[in-house]
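A short reminder: the numbers here are calculations on the coordinates, not readings from a lab. Just so you know, these numbers come straight off a predicted model, no measurement behind them. Cβ: placed from backbone, ideal geometry, glycine included. Neighbour counts: every protein chain shown.
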Amino acid sequence: MFSHDDMWRAIDRLAAAFGYSPSGLAKKAGLDPTTFNKSKRMSADGKPRWPSTESLSKILAVTGSTMSDFIALIGTDDKDGDNKRQTIPIIGYAQAGKAGFFDDAGYATGDGWDEVAFPEHGSTVHHAHIYALEVSGTSMEPVYREGDVLVISPDASIRRGDRIVVRTSRGEVMAKQLSRQTANRIELKSLNPEHDNHSLRPDEISWMARIIWVSQ
């Protein structure tokens, strides 16, 4: 069972992972900037005050995280989870469409990758083949902006509504949201409303991989 302190600690960890203070994350999610302040975690009579489901829903949406990601942060031990870092391969988003950076399964391979240190959160530590793409340009605004780092797992299961990176059989790499998947079509929603959505046949896609974390 999760304690009051566990819940608030997970919010602090989520904020830190995306480069925010708790108040900055609240503001980014459209909440009152004081929503997650220390003073709001206890009532005037000293009783624990829990974060609302609405506020949790909003910060998960704005960070692209799932409830499973959040629960994993709750379960991370302070001694081992908050400061431990792993090194993962990273390339620029524009480079990802070139040959030689991925194998047929969507795993990072070949030369040309740089490395970046990344915190080992519960949502990343169990994915052995994660890698990162650094966003360039404006094609994914307002969800992702230039300089954001997308952490990708080719091993993660993909469900409707997940944000994913797709590589087509023609070599095009796209970050989209999975709208619908059937035996005959895969419907992809653009993250930028000014860009077209895509409807592709399965044989037009080389691989898909879920975005499991974003460092903003």
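See the values below:
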read-out	value
Label-point separation in nm, residue 201 to residue 136, each point 7 Å along Cα→Cβ	3.3
Hull volume in cubic angstrom per residue (convex hull over the Cα atoms of the chain)	127
Per-residue Cβ neighbour rank within 10 angstrom, fewest leading, 58, 47	47, 58
Net charge of Cβ neighbours under 15 Å - reference residue 52; Lys, Arg +1; Asp, Glu -1	+2
Phi-based couplings in Hz for the range 44-51 (Karplus 6.51, -1.76, 1.60; Gly and Pro marked x)	4, 8, x, 8, x, 10, 8, x
Within-14-Å neighbourhood charge of residue 179 [Cβ basis; K, R +1; D, E -1]	+4
At 1.306 mPa s and 10 °C, Stokes D of the range 4-81 from Kirkwood alpha-carbon radius, µm² per second	126
Placed amide H near residue 212: partners under 5 Å, 5+ positions off or other chain	151, 152, 153
Contour minus Cα-Cα distance for residue 183 and residue 71 (0.36 nm per residue)	37.1 nm
Cα shape, the range 92-216, gyration tensor, a/c 1.5 rule	rounded
Theoretical FRET efficiency, 1/(1+(r/R0)^6), r = Cβ-Cβ of residue 194 and residue 53, R0 35 Å, to 0.05	0.60
Loop GluC sites (Glu not before Pro), the range 142-206 (other Cβ atoms within 10 Å of the site Cβ: 16 or fewer; DSSP)	146, 172, 194
Estimated distance in nm for a label pair at residue 60 and residue 37, the labels positioned 7 Å out from Cα along Cα-to-Cβ	2.7
Ranked 21, 206, criterion: other C-beta atoms within 10 Å, fewest first	21, 206
With Cα atoms, 0 to 90° folded angle of helix 4-17 axis to the chain main axis	40
Top positive-direction residue, dipole computed over the chain with Cβ charges, set 157, 99, 48	48
FRET E, pair residue 87, residue 44, Förster distance 41 Å, beta-carbon r, rounded to 0.05	0.30
Of 38/176; 27/98; 28/189; 58/189; 58/98, pairs whose Cα-Cα distance is over 26 Å	38/176; 27/98; 58/98
Residue 159 paired with residue 98, simple spin-label distance in nm, labels 7 Å along Cα-to-beta-carbon	3.7
Structure-based [θ]222 nm, the chain - -39500 (n - 2.57) summed over DSSP H runs of at least 4, per residue, nearest 500	-5500 deg cm²/dmol
Electrostatic dipole magnitude of the chain [Cβ: Lys, Arg +1; Asp, Glu -1; Cα centre; debye, to 20]	720
